[in-house]
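Everything below concerns the one structure shown next.
Taken together, the values in this text are just the output of simple stated rules run on the coordinates, not laboratory data. As the structure is a prediction and not an experimental result, all values here were calculated from the model. Cβ placement follows ideal geometry from the backbone for every residue including glycine, while neighbour counts extend to all protein chains displayed.
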Amino acid sequence: MTNHLYNVGKIVNTHGIRGEVKVVRITDFEERFEKGETLYWVSSEGGEPIPLTIDGHRIHKQFDLLHFKSYDSINDVERFKNGMLKIEESQLTPLEEGEYYYHQIIGCEVETVEGEFLGKIKEILSPGANDVWVIQRPKQKDLLIPYIEEIVVDINVEEKKVKIDPMEGLLDE
C-alpha cells in the first residue's frame with residue numbers, strides 16, 4: 001500500500017470479552033468511527049496495515065469503544081493493543097477554509113509576528129472549545145498556545161510555518 005495513512009486513534013486496551021477495543025481518539029471527525037467505515041490498524045512496530053471494518057461504536061467515559069467485523073472475542077483483538085488506527089488519504093474529509101488536519105500542523109515551526117523563533121508544534125490537545133497547540137521549545141519547557149484567531153495569525157502548511165501574536169504573558173511561563 002503506497003498511500004499515506006493518517007492517524008485517527010490509538011488502541012489503548014481491550015474492553016470486555018466480546019472483541020471491543022478502547023480507543024483514544026486523534027480525530028475531530030465523528031464519522032471516522034461510524035459503522036461500515038474502514039480503518040487500517042498498524043502495529044507499534046510498523047509493518048503492513050490491516051484493514052478493519054467497524055461494526056460497533058459507542059462512547060464510554062472519555063474513550064471510543066470500537067468493535068470490528070469478524071473480531072468477536074478478546075483473543076481476536078488482544079494483539080491490536082498499542083497499535084494505531086489510520087485512514088487513507090482518500091478518506092480525509094474535505095475541510096472548510098481555514099481548517100487544517102492535525103498532521104498538517106504538527107511539525108510546523110512557530111515564530112512570533114516579530115520574527116522570533118519559538119519552537120515546533122509537537123502535539124495538539126483538544127481539551128474543550130479550542131484546540132491547544134503544544135510547542136516544543138529549545139532548552140525551555142513546552143509552550144501551550146490556544147488555537148484562536150487572536151493568537152494564531154498565519155498558517156502556511158506548505159512551508160510548515162506558523163506565525164503567532166502572543167498575548168501578553170503567554171511567553172512568560
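For the stretch 5-89, what class follows from the C-alpha gyration tensor (a ≥ b ≥ c being the square roots of its eigenvalues): rounded when a/c is under 1.5, otherwise prolate if a/b is larger than b/c, else oblate?
Note, shape of the stretch 5-89 comes out rounded.
Can you pick out the pairs among 61/141; 22/122; 22/160; 61/120; 122/160 whose Cα atoms lie more than 22 Å from each other?
Working: 61/141 30 Å; 22/122 24 Å; 22/160 32 Å; 61/120 32 Å; 122/160 12 Å.
Check vs 22 Å cut-off fails for 61/141; 22/122; 22/160; 61/120.
Taking a ≥ b ≥ c as the square roots of the eigenvalues of the Cα gyration tensor of the stretch 102-164, is the shape rounded (a/c under 1.5), prolate (a/b larger than b/c) or oblate? Numbers along the way, then the final one.
Values: a/c = 1.33, a/b = 1.15, b/c = 1.16.
Rounded, since a/c falls under 1.5.
Given Cα pairs under 8 Å that are at least 6 residues apart, what percent is the relative contact order of the chain?
The normalised contact order for the chain reaches 18 percent.
State the percent of C-alpha pairs, over all pairs in the chain, separated by a distance greater than 28 angstrom.
Counting pairs separated by more than 28 Å, the tail of P(r) holds 34 percent.
Taking a cut-off of 13 Å between Cα atoms, list the aspartates and glutamates near residue 163, but don't count ones fewer than 8 places away on the same chain.
109, 111, 114, 116, 149, 150, 154
Check each of the trypsin sites (Lys or Arg not before Pro) in the stretch 78-173 and keep only those in coil by DSSP with at most 13 other C-beta atoms within 10 angstrom; list them in order.
Answer by residue number: 139, 141.
Please give the residues of the stretch 108-125, grouped as numeric ranges, whose backbone N is less than 13 Å from a label point set 7 Å along the Cα-to-Cβ vector of residue 7.
What the label zone holds, given the 13 Å backbone N cut-off, is 122-125.
Please go through the stretch 57-145 and write out the GluC sites (Glu not before Pro) that DSSP classes as loop and that have at most 15 other C-beta atoms within 10 Å. Each step should come with its number before you reach the end.
Values: sites: 78, 88, 89, 96, 97, 99, 109, 111, 114, 116, 123; in loops: 96, 97, 99, 114, 116.
Taking the stretch 57-145 and a limit of 15 other Cβ atoms within 10 Å, the loop GluC sites (Glu not before Pro) found are 96, 97, 99, 114, 116.
Using 0.36 nm per residue of separation minus the Cα-Cα distance, give me the extension gain between residue 151 and residue 109 in nm, one decimal. Could the numbers behind the result be given before it?
Values: separation 42, 0.36 × 42 = 15.12 nm, distance 1.50 nm.
Computed gain between residue 151 and residue 109 is 13.6 nm.
Can you order the peptides 50-58, 8-16 by their average number of other Cβ atoms within 10 Å per residue, highest first?
With the highest mean Cβ count within 10 Å placed first, the list reads 8-16, 50-58.
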